[in-house]
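Encoded as structure tokens, the structure appears first; notes follow it.
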Amino acid sequence: MKGISFFSVVSAVTALATTELHNQGFTTLQTSQSGSILTVTIDNTASNVNLISLNVLDDLDRLVTALQNDSATKVVLFRSKNRDFFAAHLDVTPLVQLPGSNLLLNISRLPQASIAIVDGPARGISNEFLMACDMRFASAKAILGNFEVSLGLTLGAGGVSFMPLLLGRGRTMEYLLSGKDFNAQDAEKYGLVNKAFTSSEELYKYVNQLANRIALFPAGALASIKAAVNLVAGPTADQVRFDSSEFIRLTATVEAQGLLQRFLALTKNQTSVGVELRLGEELPKLYN
Amino acid sequence: MKGISFFSVVSAVTALATTELHNQGFTTLQTSQSGSILTVTIDNTASNVNLISLNVLDDLDRLVTALQNDSATKVVLFRSKNRDFFAAHLDVTPLVQLPGSNLLLNISRLPQASIAIVDGPARGISNEFLMACDMRFASAKAILGNFEVSLGLTLGAGGVSFMPLLLGRGRTMEYLLSGKDFNAQDAEKYGLVNKAFTSSEELYKYVNQLANRIALFPAGALASIKAAVNLVAGPTADQVRFDSSEFIRLTATVEAQGLLQRFLALTKNQTSVGVELRLGEELPKLYN
Amino acid sequence: MKGISFFSVVSAVTALATTELHNQGFTTLQTSQSGSILTVTIDNTASNVNLISLNVLDDLDRLVTALQNDSATKVVLFRSKNRDFFAAHLDVTPLVQLPGSNLLLNISRLPQASIAIVDGPARGISNEFLMACDMRFASAKAILGNFEVSLGLTLGAGGVSFMPLLLGRGRTMEYLLSGKDFNAQDAEKYGLVNKAFTSSEELYKYVNQLANRIALFPAGALASIKAAVNLVAGPTADQVRFDSSEFIRLTATVEAQGLLQRFLALTKNQTSVGVELRLGEELPKLYN
């Protein structure tokens, strides 16, 4: 960000107005309202790589529930406070107990426009979360991907149902079956993100302009258009349920449990910034 | 078009043959048959920006009905007579009374191949019309987009159901929720048009070659392939009906009626060529 | 391949291990197992352009049936032994009697990851086969396309149901209704192949690395992810059945039978390497 403070860029959209969303007692999210734009900053202070822990999932669940009936908000921006990562991936230390929530489906069906600002790596459930948002924009620091297959798992939150709607069948198969990383350029080229930018400044500038434009328009029209897009290009509850039940089934296998133990060793209990940054290349070591 | 008359380019495909299509008493369409290729020219002489008025919609409805049983035609080319616009957008002066027709669904299900030649701006219902055609080709003069959201409306003719089939979910959300313009290059890059060309000459040359090739092939094979594509990648009547009913609901709101009045003021009753050309940038002024 | 023997490149993935797949008595397929990677080489020695004959279809049917219960194989690579063609197209000399099998649907639903290595032209049913694989990678020697329309036919094996899942609606219509060729670059740009490479060496290197990575991961996770992708982005049996029944109906027409006779004359009974290589451009001659 070369001499521009991370928050000065965001400050344009985070002015004085507040809503009750500020007072939900979130422990891993910071919210800030500016007019009808809500900025949500994911900040899991318990993890140096901003893991999506059960606390984060619980906070996101409550946020989304509040937004379902929030007529004052038209646009929700999701970003990260961590300087290295958007959010590394699911915290797998509970080995692995994913809440049976409909978080992703609920995000995709919010009446508000949801925009993710991806300025660092986001893999696994973090990329599932991004795919459930309406739009995603990335800087060159972004690395995206779903490596669940390398742990003997499937995507548990419904992400398998979202990726083909962005990438088509062929590239979805390649990336999900190999657990490879997308860099920002390929993510744009293949449609995983709407647009990639070289710098964080350009990324924030584009998203701020876009959010401010969308925020002009009537909430009812935004909600109506989203509902219609979801009719044609949204996953169904049945599809997402299939993903979740497969995740639970595979998590219980001896193979997956063994791989999860090796994963914790490889990543030094999910604290090694170096390993987590180059995770795509590191994963084959689980099989050495 | 630099020294080449607009019609000399088209003349290659508009020879002598005629069908009863010429004699439907259209007031806003010109038709011209050359072998099994029918060229339809949209020409609303009542509007300097070639608005899609109720007369145009009515003519298109009758054209499509005639084509449903026209076994002599294999390819339908749609183009515009207006030198500045393909067709600016819906004429909103009836504030807004969209015929409850299945025009777009019927176009997408025609037995003929339909190709749109986009050599100027086409927004709102004009872009919906383009998306319902089988293929779209554009010159650098084309500007595409759906700005309905800025009027507090949704796309009323079924366009929301077509766009994700071309662009995927993420970019559909971005463009429909922001009401932004696509330039020809991005339209090609994202899949909204099949191909973009620098000049009108290149555009017409490519389309004429393509149309003449398709016109060689048996009508029965063309119809069969189209029906099969529509099974996998065509909207359903239910989806289109949802779009229409939402349009009618939103049109009745005080918010939309107010925005429509401001829109008429901004565009000088839809006659300002300058404002209409840069409509994407002008729309925020509705909220000043 | 400039000085590198065709087989030395492949040898990395074709080591000593064998399975019962080797002993199915295939007459047109060669199989070679290396760990959990099975390489299948299409080699119709009865045809100089590697036609997909009834024998090839029968061998593929038996291969796919064996793979449905083969838990030792995680990745299946498909390639060609012919130096000029991947596999030209269907052998139409039986004029045309396509087995009513579910070959493509069965391929798309295999528990293994399937990857096609396209190092030469593959049109008609060969391209349908490629589209049913999970992924496709191509060299500059690849030419892809479906020219069935030029014979008065539709795609009979289910390919119409696969193409829009890769290309979207607009470009599917263009290529299927015109019977045009894709070169490797456009095939990548539009999503028909995952990636295109300049040389055969680069193509094989990329695919070998990808296959070896996927082969590390648990078979159960691969199968689960594929099943979930197919739920969202896989054709249904009904859609494929529609394609097959339309193919049978159209094959019986006088028009198609006449065009098939002309096609055999044009291609010198499907033996003219020159005509088959430039088939896309040659097809209009059927109508001279």
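Bear in mind that the values in this text are calculations on the coordinates, not laboratory data. Everything quoted here is computed from the prediction, not taken from an experiment. No Cβ is skipped: glycine too gets one built from the backbone with ideal geometry, and neighbour counts run over all protein chains shown.
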Worksheet item: List the trypsin sites (Lys or Arg not before Pro) in the range C:38-116 that DSSP assigns to loop (not H, G, I, E or B) and whose Cβ has at most 13 other Cβ atoms within 10 Å. Which are they?
Response: C:Arg83
Discussion item. Give the average, rounded to an integer, of partner chain Cβ atoms located within 10 angstrom of each Cβ in B:208-216.
Written reply: 4
Worksheet item: Listed here are the pairs B:Lys74/B:Lys141; B:Lys205/C:Lys180; B:Lys189/C:Lys189; C:Lys141/C:Lys205; A:Lys226/B:Lys189; which of them are more than 19 Å apart at the Cα?
Response: B:Lys74/B:Lys141; A:Lys226/B:Lys189
Worksheet item: If you take every DSSP beta bridge whose two residues both sit in the range B:6-287, what share of them, in percent to the nearest 5, is antiparallel?
Response: 30
Response to the item:
Treating only Lys and Arg (+1) and Asp and Glu (-1) as charged, each at its beta carbon, one finds that chain C has a dipole about its Cα centre, in Debye to the nearest 20, of 460
Worksheet, complete the sentence: Computed on Cα atoms, Rg of the protein assembly as shown relative to 2.2 N^0.38 Å comes out at 0.96
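Please state the relative contact order of the range B:6-287 as a whole percent: Cα pairs under 8 Å, 6+ residues apart? Write down the numbers at each step before the final one.
Values: 524 pairs, mean separation 51.4, N = 282.
RCO, the range B:6-287: 18 percent.
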Worksheet item: Amide H to amide H, which residues 5 or more places from A:Phe78 or on other chains are under 5 Å from it, using H placed in the peptide plane?
Response: A:Val40, A:Ile115, A:Ala116, A:Ile117
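Please compute, for peptide C:148-161, the average count of beta-carbon atoms on other protein chains lying within 10 Å of each residue's beta-carbon.
That works out to 5 on average.
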Discussion item. Nearest 500 deg cm²/dmol is fine: what mean residue ellipticity at 222 nm does the protein assembly as shown get from its DSSP H runs of n ≥ 4 alone, each adding -39,500 (n - 2.57), divided by its residue count?
Written reply: -13000 deg cm²/dmol
Worksheet entry | Summed side-chain charge close to C:Arg136 - residues other than C:Arg136 whose Cβ falls under 11 Å, Lys, Arg +1, Asp, Glu -1 | 0
Item to complete: Return one quarter of the surface area of the convex hull spanned by the alpha-carbon atoms of the range B:6-287, equal to its mean projected area, in nm².
Response: 13.3
Discussion item. Could you derive backbone 3J(HN,Hα) for the range C:105-119 from the dihedral phi with the Karplus parameters 6.51, -1.76 and 1.60 (θ = phi - 60°), listing whole Hz in sequence and x where the residue is Gly or Pro?
Written reply: 4, 5, 4, 5, 9, 4, x, 7, 6, 10, 10, 9, 9, 9, 10
